[in-house]
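Structure, as C-alpha cells:
The values are calculated or read from the model by the stated rules, or taken from the named source; none is laboratory data. What you see is a predicted model, and the numbers here were worked out from it, not measured in a lab. As a convention, Cβ positions derive from the backbone with ideal geometry for all residues, glycine included, and neighbour counts pool all protein chains shown.
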Amino acid sequence: MEVEKTVKKRRLIYVDASGKDDNTQFKISMYDPEKNATQILALKDINNSSVAEKYAIFYAIFYIKKQNLKHTHILCDNQSAVNDKDIQRLSKNYKIGISWIPREVNIVADKIAKLEPTLKEKDWNILKLFSDLVMQKDSSEIVQEEIKEIENLKIEIEQLKSAVNTKNEKISNQAKQINILRAKIDNKK
C-alpha cells in the first residue's frame, strides 16, 4: 500500500523596482499570479535602486501578512535586496521564503513597475512606517551591542595598561643601567 504524500505548493509573489534613468521617482511592483493581482506604488525620497528593491520586498511581505497567505515565496531580481539582513530576519520570522531570480524571469513584475501607480500615497506612508519599524533595532539588541562595546573597551584599556607597565619597566631598567654605568665611570676617575 503506497502512502500518498501531500506537498504544499508554494505561492509565488514577484516583485521589482523601476526608476527613471537619473535614479529618481522610483516605483515598485508586486505580482501575485494566483490572484492575477498587480500592485504598483510610487516611492518618495528614494534615490537608490537597491533601496527601492528592498521596499518592493517589504511591500510583498506586508501584502502576504495582510492577506494572511500561507506557504508563500517572494521572487526578486536584486540579489543585495534579497540578502539584506533585515529582510532575511523578517522573512524568517514570518516563515516567508525569498529568492533571487534572474531579471529575464521577472519579466511581468518588471513591466508592471513601469506602469502608473495603482496605490495611493497613504499606502507609501504605511509601507514606510512598516519598514522603519522592521529596520529599527529593538532595545535589547542595542543594550547587547553597548555591553559588547564596553567589554571591548575594557580589554583595550587592560592592553594599554599592560603596554604602559612594560614601557615603565624598560625605562626603570634603563635608568638602573645608566646609574650602574655612571658609578663605574665615577669609580675609574
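What are the residues in segment 113-127 that are without any contact (Cβ under 8 Å) to a residue 12 or more places away in the chain, of a type outside the set (S, T, N, Q) and assigned to a helix (DSSP H, G or I), if any?
The one that is without any contact (Cβ under 8 Å) to a residue 12 or more places away in the chain, of a type outside the set (S, T, N, Q) and assigned to a helix (DSSP H, G or I): K122.
If we scan segment 135-145, do we find a residue that is surrounded by 14 or more Cβ atoms within 10 Å (Cβ to Cβ), in contact (Cβ under 8 Å) with a residue 24 or more places away in the chain, under 24 Å from K20 (Cα atoms) and in contact with a helix residue (DSSP H, G or I) (Cβ under 9 Å, 6 or more places away or on another chain)?
no
With respect to E146, is the statement that it is part of a helix (DSSP H, G or I), modelled with pLDDT under 90 and of a type in the set (D, E, K, R) true?
yes
I107 versus (1) modelled with pLDDT of 90 or more; (2) among the hydrophobic types (A, V, I, L, M, F, W, C); (3) closer than 16 Å to Y31 by Cβ: which is the lone unmet condition?
Evaluating I107 over (1) modelled with pLDDT of 90 or more; (2) among the hydrophobic types (A, V, I, L, M, F, W, C); (3) closer than 16 Å to Y31 by Cβ leaves (1) as the failure.
Rundown of residues vs (1) surrounded by fewer than 12 Cβ atoms within 10 Å (Cβ to Cβ); (2) at pLDDT below 95; (3) in the same structural domain as I101 (by TED's automatic domain parsing), yes/no style:
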site	(1), (2), (3)
E4	yes, yes, no
G19	no, yes, yes
Q25	no, yes, yes
K35	yes, yes, yes
L41	no, yes, yes
I46	no, yes, yes
K65	no, yes, yes
S80	no, yes, yes
D86	no, yes, yes
